Amino acid sequence: MALRGAIRVGRQANSSLFTIPCYLRTIYNVSVSSPRRRLNPISHHQTGLKFSIRAVSGTSLDPVVSKKQNGEESSQNWKIKMLYDGECPLCMREVNMLRERNKSYGSIKFVDISSEEYTPEENEGLDYKTVMGRIHAIQSDGTVVTDVEAFRKLYEAVDLGWVYAITKYEPVATIADAVYGVWAKYRLQVTGRPPLEEVLEARRKKGEICDETKACKM
């Protein structure tokens, strides 16, 4: 009798050793009726999650999305800063193209000079009037580049350097700068905006109003 009792207790203990906890049964799809069935974990190569992992409180744990995936890493690890006029519709076509391309590189930081948040102190002392005159870009070491060279550096930052590669050599470099100079001089009129003097005056008046009301920042 004692021997039979010991065997019965042993069988019960042995059975309890192979009882799979409910959270493991959910993950590995193991039946309670077959406690010794081989575990079949979900393959690491399987696409998509078939279940959600929940914390003790019952809230789902969302995967961390990298900043680079959202194209926001450029503000931290930039190699060159592009100062652009956000109120220039033709300019924005190129800016948007570079911004889209930059999502895979994170090497360009885009700074809108028309924004009320723009300050020369954060951009090598370049004021609004100076930057409105022609394209400016600032490299991470503080070097300021302008005109076609600025475009060349910006395109190189997103692996499109071949577009402006020929402008490195004379006489193409001189011709390209001359053509861009004409565009920069008349771009406001071409895009249907008032002359630079009127734009500066309107900006100055807006700054005075902001200083008086403290409602906005110049």
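Rule-based calculations on the coordinates, nothing more; no lab input. Small disclaimer: the values here were computed from a predicted structure and weren't measured. Every residue, glycine among them, receives a Cβ derived from its backbone with ideal geometry; neighbour counts consider all protein chains shown.
Structure values in brief
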read-out	value
Distance in nm between pseudo-label sites at Thr174 and Ala202 (7 Å out along the Cβ direction from Cα)	3.9 nm
Extension gain from Glu100 to Ala184, taking 0.36 nm per residue of separation minus the Cα-Cα distance	27.8 nm
Set Lys168/Lys205; Lys79/Lys205; Lys103/Lys129; Lys153/Lys205 screened for pairs whose C-alpha atoms are more than 32 Å apart	Lys168/Lys205; Lys79/Lys205; Lys153/Lys205
Debye intensity ratio I(q)/I(0), log10, the range 100-185, q values 0.22, 0.26 Å⁻¹ (C-alpha model)	-1.19, -1.34
For peptides 143-149, 164-170, 131-137, sequence by mean Cβ density within 10 Å, most packed first	131-137, 143-149, 164-170
Bins of 10 Å, starting at 0 and running to the largest distance - Cα pair percent for the range 87-126	25, 44, 31
Sorted peptide list for 118-130, 183-195, criterion being average Cβ within 10 angstrom, highest first	118-130, 183-195
